[in-house]
Amino acid sequence: MHTSWNDHEFPEHDGSNPSFEEYADSKFDLTPFITSPRRSSLTLTNVSFDDNICIDGKIAPEFFFLGAMKSGTTSLCASMFSAFSEDGLVAPWGNQHGTNQSIKELSIFSKQTKQKPDKTTWLNYYPDCDRSVRIVGTDMTPHYLGKTSGAAWMADWYGHEKHNIKFMVLLRDPLLRIFSHYNFWGRCNNQKFSDVVKGLMGDHDECWLLEQSDYARSLESWMKSFSPSQFTILPMKEYVAPIPGREAELATYIRTTLKLPGEKQFEIKKFIVRSNNPIEDELGSQLFSEFRAFLDKTVSPEHVAKVAAKGAVLFGYTGQAGDIPAMSEWIARRW
């Protein structure tokens, strides 16, 4: 039996549990990045452990990493657990692909189904409610951003606690994200990238490449169920290539936002980097220019800036709030 930090027991899930195989389909195991708790550190000033979100006697996720896919989400997730798990950051736990482990993504709120997933099954991946220490449950499923159908039932399940959820989205230049996603998904059924791109520009998104890159549309949809102030928009370079002298700001911001004790910083956790042909070599200069122009029109930094201006936190931006041209230019440089 695995126990969480602070000796909370997690329920066992055997391999015959169909609900687990349906919901928890990420193969990434967080367990190597989770450190033992330092109970002595679990003290915060001006923080009540009533901040812990509990539903039906269980800790419920307070922090959701919504996406975007292929934008460094796995790396940042591992960095966060390396730094924060000893101070109260808790991942779901269960039998995944035949092994009990800490789980990065449950995918509960992205299932295309006419009925909601089972609420009890969802909560059983988290420890019992305890408000004697700080506990922040997590679900870091990066395709939630593009699969917005679960936002409404998430809000329903949380009830009055929905206002206490924190969302983060890590955004990457859509062209680079699409190419990475294309290679990750087996080159979109072994198609040439040039053919895939022509399909995208012709409104044919067979592998959800553009859907997962339409950040503004997705955020607007999520914000129908939650306040814009609950969202932090993080351009990818703010994590992987922070401005010199500001390397510690992201970890401090996350720790403060989640009201976690301690001061430990995190390092960038680098994973497999696939050797892909340069995008322009795959497309040719003319199609490359046409596709860049298409993306600049349909999923532009300006679209994201306008959504951020509704009240979301645009992490790293130091210019005037609401200045859409300045925000757009900054996003274009930093994602």
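Remarks
- Among the residues listed as 218, 180, 194, the single one being crowded, with 23+ Cβ neighbours inside 10 Å, in a helix (DSSP H, G or I) and among the hydroxyl-bearing types (Ser, Thr, Tyr): 218
- When 313, 273, 299, 240 are screened for being aliphatic (A, V, I, L, M), closer than 17 Å to residue 330 by Cα and at pLDDT below 95, only 240 passes.
- Among the conditions (1) within 30 Å of residue 161 (Cβ to Cβ); (2) without any contact (Cβ under 8 Å) to a residue 40 or more places away in the chain; (3) of a type in the set (Ser, Thr, Tyr), residue 289 misses just one, which is (1).
- Candidates 34, 59, 53 - the one that is at pLDDT 65 or above, surrounded by fewer than 23 Cβ atoms within 10 Å (Cβ to Cβ) and within 17 Å of residue 166 (Cα to Cα): 53
- Residue that is touching a residue at least 60 places away in the same chain (Cβ under 8 Å), crowded, with 22+ Cβ neighbours inside 10 Å, out of contact with any Gly (no Cβ under 8 Å at 6 or more places or on another chain) and of a type in the set (Asp, Glu), where the choices are 139, 130, 118: 139
- Just one of the listed residues (91, 83) is under 20 Å from the mean Cα position of the chain (by Cα), surrounded by fewer than 24 Cβ atoms within 10 Å (Cβ to Cβ), under 24 Å from residue 54 (Cα atoms) and of a type in the set (A, V, I, L, M), and it is 83.
- Screening segment 226-319 for helices (runs of 4 or more DSSP H) wholly inside it with 2 or more residues that are in contact with a Gly (Cβ under 8 Å, 6 or more places away or on another chain) returns the ranges 237-240, 249-257.
- For segment 133-177, the candidate set comprises residues that are of a type in the set (Phe, Trp, Tyr) and not in a strand (DSSP E or B); within that set, the residue that is modelled with the lowest pLDDT is 153.
The values are calculated or read from the model by the stated rules, or taken from the named source; none is laboratory data. All values reported here derive from a predicted model rather than from experimental measurement. For neighbour counting, all protein chains shown are included, and Cβ atoms are generated from backbone atoms with ideal geometry for every residue, glycine included.
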